[in-house]
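Scroll down for the structure; my scribbles are underneath it.
Values in this text are rule-based calculations from the coordinates and carry no lab data. Given the structure is predicted, the values throughout are model-derived calculations rather than measurements. For neighbour counting, all protein chains shown are included, and Cβ atoms are generated from backbone atoms with ideal geometry for every residue, glycine included.
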């Protein structure tokens, strides 16, 4: 499915809603990244990233809302710590993830009184196929040095956070961005060499 096509999203979600008219959770996790210096990012690069990451999240949420309303469900949008902390080579990716964070807050405010919650996860560096492709050994060492837990996260750790936000235990959590990043954002500008 082309996640930024309203027609394709409508067809796929329509088929799903026909089989499952009530939905308890929607996890918007589709996304792409194009890593280039800002001045080399083309408008085509920009629109591809925004289309997949931001527009796809919006389209899937809108298409699934009737089923979420019936199920008093929960939306969890997968953002990124790149939406909080700017970094080189990520002008489109980081901006798309920051926009997803604000979209999440808008959804929380708009849907909350209808019984549908919306939250987001902001993963830090995680052991994924994308990370394996784009993170060199030097980059991996630098990230591990900058993360207080001194390691990459796992996909299971992200899934556990998503599960929690969809669960009854999180029933009063709405409009929040949960950093699952080993303390990467909390460390801010703190230098790894100053940690004991």
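Here are some notes:
- For the options 138, 181, 45, a Gaussian network treatment of the chain with springs between C-alpha atoms closer than 10 Å singles out 138 as fluctuating the most.
- A straight line joining the Cα centroids of the stretch 24-96 and the stretch 134-186 runs 17 Å.
- Peptide ranges 153-162, 167-176 listed from the most packed, as the mean C-beta count within 10 angstrom indicates: 153-162, 167-176
- Calculated P(r) of the chain - Cα pairs past 29 Å, %: 26 percent
- Here the label points at residue 102 and residue 5, each 7 Å from Cα along the C-beta direction, are separated by 3.0 nm in the simple model.
- Average Cα contact separation per residue, the chain, under 8 Å, 6 or more apart, as relative contact order %: 21 percent
- Nearest 10 degrees, 0 to 90: helix 137-146 Cα axis against the chain principal axis: 80 degrees
- Gain on full stretching of the segment that runs from residue 70 to residue 20 - 0.36 nm per residue minus C-alpha separation: 17.0 nm
- Taking only the Cα atoms of the stretch 82-152, the radius of gyration and Dmax are 15.3, 48 Å.
- Computed label-point distance, nm, for sites residue 167 and residue 149 using a 7 Å Cα→Cβ extension: 1.6 nm
- Between residue 12 and residue 136, the distance separating the two model label sites (each 7 Å from Cα on the Cα→Cβ line) works out to 3.4 nm.
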